[in-house]
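Student: After the structure tokens below, expect a handful of questions from me.
The values are calculated or read from the model by the stated rules, or taken from the named source; none is laboratory data. Because the structure is a prediction, the values reported are computed rather than measured. In this analysis, Cβ positions are derived from the backbone assuming ideal geometry, glycine residues included, and neighbour counts consider all displayed protein chains.
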Amino acid sequence: MTKLSYLHEPGVLQNLAARYELNEIYTYTGNILIAINPFQRLPHLYDTHMMEQYKGAGFGELSPHVFAVADVAYRAMINEGKSNSILVSGESGAGKTETTKMLMRYLAYLGGRSGIEGRTVEQQVLESNPVLEAFGNAKTVRNNNSSRFGKFVEIQFDKSGRISGAAIRTYLLERSRVCQVNSPERNYHCFYLLCAAPPEEIAKYKLENPKSFHYLNQSDCYELDGVDDADEYLATRRAMDIVGITEEEQDAIFRVVAAILHIGNIDFAKGEEIDSSVLKDEKSRFHLKMAAELLMCDAQGLEDALIKRVMVTPEEVITRTLDPGSAIVSRDGLAKTLYSRLFDWLVDKINVSIGQDPNSKSLIGVLDIYGFESFKCNSFEQFCINFTNEKLQQHFNQHVFKMEQEEYTKEEINWSYIEFVDNQDVLDLIEKKPGGIIALLDEACMFPKSTHETFAQKLYQTFTKNKRFIKPKLSRTNFTISHYAGEVTYQADQFLDKNKDYVVAEHQDLMNASKCSFVASLFPPLAVETSKASKFSSIGSRFKVQLQSLMETLSSTEPHYIRCVKPNNVLKPAIFENSNIIQQLRCGGVLEAIRISCAGYPTRRTFYEFLHRFSVLAPEYLEGNFDDKIACQKILDKMNLQGYQIGKNKVFLRAGQMAQLDAKRADVLGKAARTIQRQIRTHMARKEFIMLRKAAIILQSCCRGKLACKMYEKMRQEAAAIKVQKNLRGYISRNSYTTLRSSAIILQTGFRAMSARNEFRFRKQTKAAITIQAQWRCHRDYSYYNDLKNATLTYQCAWRQRIARRELKNSKWLQETGALKAKDNWKNVLRS
Ligand SMILES: Nc1ncnc2c1ncn2[C@@H]1O[C@H](COP(=O)(O)OP(=O)(O)OP(=O)(O)O)[C@@H](O)[C@H]1O
């Protein structure tokens, strides 16, 4: 918000609306966190990953978040050793309780102990929520799970920042709700949870449908959307286990709750005597019996305690009867006292179980207190609630405005005054002693003849001129107070009754005599002096004292503010009602806070603190014997910061300048740390290196001796093996050569023999063939010759025959001359 260029209501509203549309429900205005109720689960915003992100992150580094506020508070506590508080405020249904739960979850995450057996403090603190909600929350018009009590949870831390204890302080439980509830609201959740318990429990407590109980059926709302009372009952039981409430105690607690429901169903009729009453019918008798049984007290005693009063005067003991109307008041009184004592017991028990750390020096307190209320009918509860809110508003004012500006004036820095609405006058009107409304109310309560009318008249007379007090024109008992958040008209009718807190002696005695030790312990015997003294004790005054003590606690802490805003009255997501929201921002002083954050100096440090923290940025100015103020100025100038102011004792920084300085400081320290780390690491590494080297050398020499032996042996063996191999190979090759050669020779011989044989055979065959051929040829030639011869012979014969014939023929002719010649011719023929 402080970065907006145009800082006016529409701009602020527009910014919030735009962010809300994107489900960015958190926005910073300076150091104040505005949280707009999303009315829908946004689990990604709260998971462990988110917590890891915010752990140790600078404020403003990440998106605005409730975890960031818790982280700042935690870091401030650790670094400065100072207690911190986170004040969560806003109207009913704005999301205070949810925000508180997230804060506690985150603080448990930061300061929780892991790996511890049993229930840890943080677990018990977290689990106390469902128990307190079951007994202290109810559905109202404005919120389905409205806290009907205020709560301040103090988480204690040890020196190392671990959670070491916790305490829960509660404020002003709305007692009247136990007996009176209007549509569409509900009574406290626990009544409905018990009616939805498993059947055996219902039977044990003789319960029925919630519609049958007077304390529940005055409203026609019995169920909550999206809530299963049966499941919630079991969850509450489990949570009770975790916070250390034993099984027997749980049984007694639910017996008391059931008894209250039965008490509510006891009705009265007029008795025979004047101003007396009797139980109305059998049904009433049954419920009376049941209530007595559950509370383990005498049924007749209970009846008497409801309809009779014993007055002890110096002369005698007088028993007085009550008319039916008074009997009902008496009955409701008992129910309310039982319930509020039960609630207080639960808170005490949770505190005892969680345990406190008396040695704790620092704590973080988280305040979740009912928001400002303004209904059609506003009674004493709204008066107290709005008184609380006025107180908180003043604390806020004091912190953000008053102290701021007073400080500027005191420190004499240049500063133009910012106007703000101071509500001290409203507080004076309510709590001033004497003369404030509470004081007048107490007076009226102690004066027996007072009525609400006389009380109202007294108010009108006393405050005629008070501009914060208005008398409505047409009313005789109403009065209006102009609160910081608007005008609220209160009905004075029940102020007197509601302010009186005393337990009727008969009720006290009866309960104290209960056979159930739990019930008896809720009504411890009164000290003699107290019982003799005035029975009246003012709830208003007691509450005022409680608030005073709360304010003192808060004043001793560094406050952080979370303003919860309810975006619409229909309790639905994504609806942003401008006028509704701007009203809440105005009432919460958010707009003025923005102005002051921008215009003012939100961070300031004494010179000593400043130098202590930032002298690392310019150590030369510390050594140079400068005055502290000048040294601060020189450091700031060196860092090029502008707009800051130096007062008489303090340095005043503009928004964001502290972060700049811190970032630079972190840088310098980081560098220094890195140098130190480097040196140390070098030193350590060197040391280790030398040691290792020595050891390595020793090892190496040992190893090498052994290794050399081994290697020599190995080499020897290898050489021998090679030799053997060589020999073997020689032998093998020689062998194989011989074998091969002999087999080759054999083969060759064989082959040659075979060849020779073959050749021989061939030759023989050839020879035979030739012989055959020759023979055949001879034969052929012979036969041919024969043939030829034969032919020749034949021819010769023929020839000779012819010749012979011829010769014969010629013989005669040749006989003498040619015989010899023919013979020669013949020889020639033969030769050819
Ligand atoms: N951060 C959130 N995320 C989701 N839902 C939320 C958140 N804050 C509030 N709500 C819703 O709004 C409802 C009302 O919130 P819550 O009970 O915290 O209001 P309250 O300010 O404590 O009211 P009262 O003063 O009446 O006790 C819750 O029941 C829940 O449904």
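Student: With Gly56, Gly93 as the choices, which residue is more than 16 Å from the ligand (Cβ to nearest atom) and either part of a loop (DSSP other than H, G, I, E, B) or over 20 Å from Val400 (Cα atoms) (or both)?
Tutor: None of the other options fit; the residue is Gly56.
Student: Okay, moving on. Give the residue, chosen from Phe135, Phe152, that is aromatic (Phe, Trp, Tyr), surrounded by 20 or more Cβ atoms within 10 Å (Cβ to Cβ) and either within 9 Å of the ligand (Cβ to nearest atom) or within 20 Å of Thr388 (Cα to Cα) (or both).
Tutor: Just one listed residue meets the conditions, Phe152.
Student: Which condition does Leu224 not pass, out of (1) assigned to a helix (DSSP H, G or I); (2) of a type in the set (A, V, I, L, M, F, W, C); (3) within 17 Å of Tyr188 (Cβ to Cβ), if it passes all the others?
Tutor: Every condition holds for Leu224 apart from (1).
Student: Continuing with this model, one more query. Do any residues in the stretch 215-236 that are free of Cβ contacts under 8 Å to residues at least 24 places away in the same chain have Cβ atoms under 6 Å from those of residues that are part of a helix (DSSP H, G or I) and among the charged types (D, E, K, R), where the two are at least six apart or on different chains, and which pairs are they?
Tutor: Asn217/Lys211
Student: Out of curiosity, is Val121 surrounded by 21 or more Cβ atoms within 10 Å (Cβ to Cβ), within 16 Å of the ligand (Cβ to nearest atom) and on the phi < 0 side of the Ramachandran plot?
Tutor: no
Student: Right, next: Please determine, by comparing only the residues of the stretch 71-90 that are of a type in the set (D, E, K, R) and in a helix (DSSP H, G or I), which one is modelled with the lowest pLDDT.
Tutor: Across the stretch 71-90, the extreme among qualifying residues is Glu80.
Student: Counting only residues that are buried (at least 19 other Cβ atoms within 10 Å of the Cβ), more than 14 Å from Cys516 (Cα to Cα) and of a type in the set (Gly, Ala, Ser), how many does the stretch 229-261 have?
Tutor: Summing the residues that are buried (at least 19 other Cβ atoms within 10 Å of the Cβ), more than 14 Å from Cys516 (Cα to Cα) and of a type in the set (Gly, Ala, Ser) in the stretch 229-261 gives 2.
Student: Let me ask something additional. If the Cβ limit is 9 Å and pairs must be 6+ apart or interchain, which residue in the stretch 479-508 that is on the phi > 0 side of the Ramachandran plot pairs with which residue that is modelled with pLDDT under 90 and assigned to a loop (DSSP other than H, G, I, E, B)?
Tutor: Within 9 Å, the pairs are Gly486/Phe372; Gly486/Ser374.
Student: From the list Leu306, Leu334, Leu295, exactly one residue is crowded, with 18+ Cβ neighbours inside 10 Å and farther than 23 Å from Asp497 by Cβ. Which is it?
Tutor: The match here is Leu295.
Student: Scan the stretch 311-320 and tell me whether some residue there is outside any helix (DSSP H, G or I), of a type outside the set (D, E, K, R) and in contact with a Phe, Trp or Tyr (Cβ under 6 Å, 6 or more places away or on another chain).
Tutor: The answer is no; no qualifying residue exists.
Student: Return a yes/no flag: does the stretch 281-296 have any residue that is in contact with a Pro (Cβ under 9 Å, 6 or more places away or on another chain) and closer than 16 Å to Ser330 by Cα.
Tutor: No: the stretch 281-296 contains no residue that is in contact with a Pro (Cβ under 9 Å, 6 or more places away or on another chain) and closer than 16 Å to Ser330 by Cα.
Student: Here is a check on your reading of the model: is Asn79 touching a residue at least 60 places away in the same chain (Cβ under 8 Å) and either away from the ligand (no atom under 16 Å from the Cβ) or under 29 Å from Glu577 (Cβ atoms) (or both)?
Tutor: No.
Student: While we're looking at this one, here's another question. Being in a loop (DSSP other than H, G, I, E, B), touching a helix residue (DSSP H, G or I) at 6+ places or on another chain (Cβ under 6 Å) and buried (at least 24 other Cβ atoms within 10 Å of the Cβ) is the filter here, so list the residues in the stretch 354-385 that pass it.
Tutor: Ile369, Tyr370, Phe372
Student: For the stretch 541-562, give me each residue that is in contact (Cβ under 8 Å) with a residue 40 or more places away in the chain and under 30 Å from Ala444 (Cα atoms).
Tutor: Ser541, Arg542, Phe543, Lys544, Gln546, Leu547, Leu550, Met551
Student: To continue, here is another question. Among the candidates Ala68, Ala167, single out the residue that is surrounded by fewer than 24 Cβ atoms within 10 Å (Cβ to Cβ), at pLDDT 90 or above, outside any strand (DSSP E or B) and more than 13 Å from the ligand (Cβ to nearest atom).
Tutor: Ala68
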